[in-house]
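Here the structure comes first, spelled out in structure tokens, and everything after it is commentary.
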Amino acid sequence: MLLERETTSWKRHKVTEAALPCCSSDRSEEARSQVVICPSTVRGEEPGPKETSTPVASNRESNRESGSEGHNNEEQSTSEDILDNKPNQPNPKCIPVQTLSSRVLRFQERWYKEYPWLHYSHAVKGILCFYCVKIYTVQKSIMSKKADPAFSSKGFTNWKNAVERFERHQNSQSQHHAVTASAQEAAPINSQLSTACSKQQQNARHCLQSIVGAMQFLIRQGLALRGHGKEDGNLFQHLKYNAKDDVCLSDWLICCHDYTAPPVQNEILQLFGNCIVRNIAQTIQSLTVLQFSIIIDGTQDITGREQESICFRYVDEDLVPHEVFVGLYEVSGTTGVEIARTAVDVLLRLNLPMSCLRGQTYDGAVNMSGAYSGAQAEVKKQQPLALYVHCGPHCLNLITQAACQASSVLRDALEWVHDLGSLCKQSGRFKAMFSAVAADSEGPSVSLRTLCPTRWTVRGTAIKAVLSQYDSILTSLQEMAAAGSSTSARANGMHERFEKGRTVLGLLMALEVTEELECLNKSLQKLTATIAGMRCSIVCHIHSTVEKK
């Protein structure tokens, strides 16, 4: 009996000593020194004075409290590490190394791929098993006692035997149970709702990208997006064709048409335009030598509102000139002050400095080229270095118009060519007669066109068509005049005019003028054309023409 009491008392003291913290040798020695073993207790006698057993009891209380508090803090920190619902696998450089006597061992990044369950905990500064921590430490499973503490709570840092321990843990029953229990868990309601919402957003984003891509293709080809009905337009039919191989897009087209509505189409088109203009502005801003010119010309749209077309011209680092169109801008009036104000506003919106403007090109109208109140004068008030240059093709067009109007022979001949083109365009009967006559005599006919009212340099094609089919035209006009229709009188009058040699002479003279000037006009409109090059080409063209004649 005495032996049993001594053994029980000795075991009690050994358990108390083992329960003391052992973080370091100094603290363990200090803790061991606080344990008092009474000789009388060893002999089986009752404990002596109470003050001898008080330190032991207080140590037991404090050790039990500190141990439970440290264990709770460790569990709480470990729980916070797995809130992301996936293993934490940082850069191996962030994981502490293992220092041996002769070398230093580090965690290998390839272990993440070989063992996907590896999870680094900042709280314990070691590697844990993600599933074991989730099932055994956080959820307090009944199998927690069989879990490996190194991978469920304490943390593993022995990189020397890492592969061996990882393999042993991966093949253990506790790890298999943790993986199975984790896989059978039902996701929370909020997680399920979040997943469904995320999937819905992903599908909507995919459909929107398909719609934007289809719109980009159509507008690049210059095709209309909408038709007479909601589903008759090119955009919807294009999406319907693409939906044959896209289940998500097919389901979305059946459910809703939010992204294909006209307001959304207009908004996407506006975004496309803004993106293009923004890229143009960034390209100009990135030039090593930031210098550019502005080109403005005005016209009226179908509603009668004045629209100003604005372009920029610049030279890149390879000395290659570029002309880019940035948009049509509506102006409240056509005075030089209002047009100049619009130009300055565009430069401000595109963040292009006015101080880098070196040129401005307009037509010869008074409101544009006026020396005192024209747009070029208003711009020069803010930037004196912006040299005004009259548009070269516009000058050439005015020269051609003046030359043709100066001779009554040329003027009357061109007027009859225009009337002949109008008759062919308005009367289907005359057009059929002319095609039949031309096919019998000269082969396939060339269509008769009206003359452009503003661009005189492009009239050579219409004059050539009349001269090359002159006999067929006379025959067709004669048949049309004898048909007795509402246009017979008109055809008869034109037949009389085209029979005269004056008309033929006027067309030949006009063709000589327009052909040469049209060739010069094309050379002036090239992107690579410069002022010095224009002058040189004009001189060379005049010399070559004189030599031919």
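The values are calculated or read from the model by the stated rules, or taken from the named source; none is laboratory data. As the structure is a prediction and not an experimental result, all values here were calculated from the model. Glycine gets a Cβ as well: all are built from the backbone with ideal geometry, and neighbour counts include every protein chain shown. Only protein heavy atoms, including side chains, enter the accessible area calculation; ligands, DNA and RNA are left aside. Shrake-Rupley method; radii C 1.70, N 1.55, O 1.52, S 1.80 Å.
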Which of the peptides 169-182, 356-369 is most tightly packed, and how do the rest follow, going by the mean number of other Cβ atoms within 10 Å of each residue? 356-369, 169-182
Among the lysines, which fall within straight-line cross-link reach of K160, defined as a Cα-Cα distance under 23 Å, with same-chain neighbours fewer than 8 residues apart omitted? K93, K113, K125
Can you compute the modelled spin-label distance between E167 and Q209, with each label point 7 Å from Cα toward Cβ, in nm? 4.3
Accessible surface, per residue, of the stretch 192-233 when the full set of protein chains is kept, probe 1.4 Å, Å²: 76
Work out how much length D232 to Q216 would gain on full extension: take 0.36 nm times their residue separation and subtract the Cα-Cα distance, in nm to one decimal. 3.9 nm
On the protein heavy atoms, probe 1.4 angstrom, tell me the percent of accessible surface of the stretch 109-197 carried by carbon and sulfur. 54
Take L508 and L348, extend 7 Å from each Cα along the Cα→Cβ direction, and tell me the distance between the two endpoints in nm. 6.1
Multiply the residue gap between T450 and S488 by 0.36 nm, knock off their C-alpha separation, and tell me the result in nm, one decimal place. 11.7 nm
Here the gain from full extension of L105 to I399, 0.36 nm per residue of separation minus their alpha-carbon distance, amounts to 97.0 nm
For the peptides 154-162, 130-138, what is the packing order when you average, over each peptide's residues, the other Cβ atoms within 10 Å and list the highest mean first? 130-138, 154-162
For 116-128, 498-510, ranked highest to lowest by mean beta-carbon neighbours within 10 Å, the order is 116-128, 498-510
Among all the lysines, which ones have a C-alpha under 27 Å from K244's C-alpha, if same-chain residues fewer than 8 places away are not counted? K199, K230
Need the list of lysines near K500 for cross-linking: C-alpha distance under 29 angstrom, and skip anything on the same chain fewer than eight residues off. K425, K431, K464, K548, K549
